[in-house]
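Notes follow once the structure below has been shown.
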Amino acid sequence: MMQTVQHSAQTLKTALISKNSVLVSQYEKSDVGEQRLLNEAFQPANGLFGPITLHSQSDWITSHPEASQDFEQFFSDPDRRTPSPDKRSIYLQSIGSLGKTRIISEEYIKWLKGYCEAFFYGLTVKLLEPVPVSATRCSFRVNDNTQNLQIHAGHILKFLKKKKPDDAFCVVGITMIDLYPRDSWNFVFGQASLTDGVGIFSFARYGSDFYSLHYEGRVKTLQKTSLRDYSIFDDYYIPEITSVLLLRSCKTLAHEIGHIFGLRHCQWLACLMQGSNHLEEADRRPLNLCPICLRKLQCAVGFSIAERYKALLSWIDGESTDAPAVAPKRSHEESVNIPKPVEAFKDWRGWIFKCLAVLQE
């Protein structure tokens, strides 16, 4: 079953601009190039922002009926959190190893940091010192279906809330260990508390061999460790960092931090903020925000759309923004330069160039 979610041009126009005269005049005062790009939302044959396609009954929109959120609803939501002048930092906290070696872990979190800086252009992204699972004091279990270790998402959110620095807009935990939200649930990709400005996301299931019998992270049933013994996580297997894993990680991170800004699941056009129930659906979502969600994020953060797109291009093209003036001393074994695997981002790179062309006509 392939189904397309089609809205009329008028519906999309209202969702983007609203009928509220204050918001309409605010829109009309905005940059002409930006209006030209955002207006593509309701040009029927535009080549940039397509409709949402549903592939099965198990897709998010079919199985989770939610109220849609247009720009005006976002703008006037009293509970929405917005970065303030003294709280403009997104913090990333890695929990457990992210790569097979310390160096890969460090590079990977730096790649994610750079991506977040470009995606949420205008905010600062900072890294907290990595911690082992034991530092969080979370509950953990072995999943009955996969025989893989899982850590309790809610306990980790409590840990992150305690560690939240004063200048933080939000703190986001990242782990390669599978998560569960409560005993009755099988797993969850991530969980966030919007009121506390904290989130935790696992990239475990994005690894190519997570579900396979050869996955080395499976716990042998013979290891009957006590459920307070965190040594079971020592040298726990990590998926290989591939371009597809990096792409999926960037998508999840940007989507979930989007929620912390108050963006709800998108039901307007193909968009990063669409919900996803399973990996195939997450993979179909584009990396970009549709014009309606882009206007929401711009309203919250206050960036120039063109500058933000240029920053994303720089990230894909590997131009590091924060290269240290003096290279840190590393032992010979560590001086390996790991190139950022961006092959999977190439289509998106071409798409951004098209958007910049519309912005700069």
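Only one entry in 141, 81 is touching a Leu at 6+ places or on another chain (Cβ under 9 Å), within 21 Å of residue 255 (Cβ to Cβ) and not aromatic (Phe, Trp, Tyr), namely 81. Cβ-Cβ contacts under 7 Å between residues 6 or more apart (or on different chains), taken from a first residue in segment 71-85 that is under 23 Å from residue 41 (Cβ atoms) and in contact (Cβ under 8 Å) with a residue 40 or more places away in the chain to a second residue that is open to solvent by less than 50 Å² (accessible area, probe 1.4 Å) and β-branched (Val, Ile, Thr), are listed as 71/292. For segment 104-127, a tally of residues being without any contact (Cβ under 8 Å) to a residue 60 or more places away in the chain and farther than 23 Å from residue 240 by Cα returns 3.
Within segment 121-149, the set of residues being in contact with a strand residue (DSSP E or B) (Cβ under 6 Å, 6 or more places away or on another chain) and within 28 Å of residue 287 (Cβ to Cβ) comprises 123, 124, 125, 126, 127, 128, 130, 148. Across segment 1-18, the qualifying residues are those that are open to solvent by less than 80 Å² (accessible area, probe 1.4 Å) and not in a helix (DSSP H, G or I), and the one among them that is farthest from residue 75 (Cα to Cα) is 4.
Would you pick out the residues in segment 30-77 that are exposed (fewer than 12 other Cβ atoms within 10 Å of the Cβ) and either more than 19 Å from residue 309 (Cβ to Cβ) or among the hydroxyl-bearing types (Ser, Thr, Tyr) (or both)?
As a first pass, look at segment 30-77 and keep what is exposed (fewer than 12 other Cβ atoms within 10 Å of the Cβ): 32, 44-45, 47, 57, 63-67, 76.
Matches in segment 30-77: 44, 45, 57, 63, 64, 65, 66, 67, 76.
Scan segment 273-286 for residues that are open to solvent by less than 10 Å² (accessible area, probe 1.4 Å) and under 19 Å from residue 308 (Cβ atoms) and the total you get is 1. Is at least one residue of segment 124-140 open to solvent by less than 40 Å² (accessible area, probe 1.4 Å), over 18 Å from residue 190 (Cα atoms) and aromatic (Phe, Trp, Tyr)? Taking every residue of segment 124-140 in turn, none turns out to be open to solvent by less than 40 Å² (accessible area, probe 1.4 Å), over 18 Å from residue 190 (Cα atoms) and aromatic (Phe, Trp, Tyr).
Candidates in segment 303-317 are the residues that are open to solvent by 10 Å² or more (accessible area, probe 1.4 Å) and assigned to a helix (DSSP H, G or I); of these, the one that is nearest to residue 38 (Cα to Cα) is 306. Only strands (runs of 3 or more DSSP E) whose full extent lies in segment 19-128 are considered here, and the ones with at least 3 residues that are under 21 Å from the mean Cα position of the chain (by Cα) are 89-95, 124-127. Out of 254, 270, 192, 204, one residue alone is open to solvent by 10 Å² or more (accessible area, probe 1.4 Å), under 21 Å from residue 113 (Cα atoms), modelled with pLDDT of 85 or more and of a type in the set (Gly, Ala, Ser). It is 192. Using beta carbons and a limit of 7 Å, which pairs, at least six apart or on different chains, have the first residue in segment 1-28 and closer than 15 Å to residue 40 by Cα and among the small types (Gly, Ala, Ser) and the second one open to solvent by 60 Å² or more (accessible area, probe 1.4 Å) and at pLDDT below 90? Note: pairs meeting the criteria are 9/44.
So which residues in segment 187-207 are touching a strand residue (DSSP E or B) at 6+ places or on another chain (Cβ under 7 Å) and polar (S, T, N, Q)? Residues satisfying the conditions are 191, 202. Here 121, 27 are screened, and the one residue that is open to solvent by 60 Å² or more (accessible area, probe 1.4 Å), in contact with a Ser or Thr (Cβ under 9 Å, 6 or more places away or on another chain) and modelled with pLDDT of 95 or more is 121. With (1) at pLDDT 90 or above; (2) open to solvent by 50 Å² or more (accessible area, probe 1.4 Å) as the list, and residue 222 as the residue in question, which single condition is left unmet? Condition not satisfied by residue 222: (1).
The values are calculated or read from the model by the stated rules, or taken from the named source; none is laboratory data. Keep in mind the model is a prediction, meaning the values are calculated, not measured. Please note: Cβ atoms are built from the backbone with ideal geometry, for glycine as well, and neighbour counts cover all protein chains shown. For the accessible areas, the whole protein counts, side chains as well, though only heavy atoms, and no ligand, DNA or RNA atoms are used. Shrake-Rupley method; radii C 1.70, N 1.55, O 1.52, S 1.80 Å.
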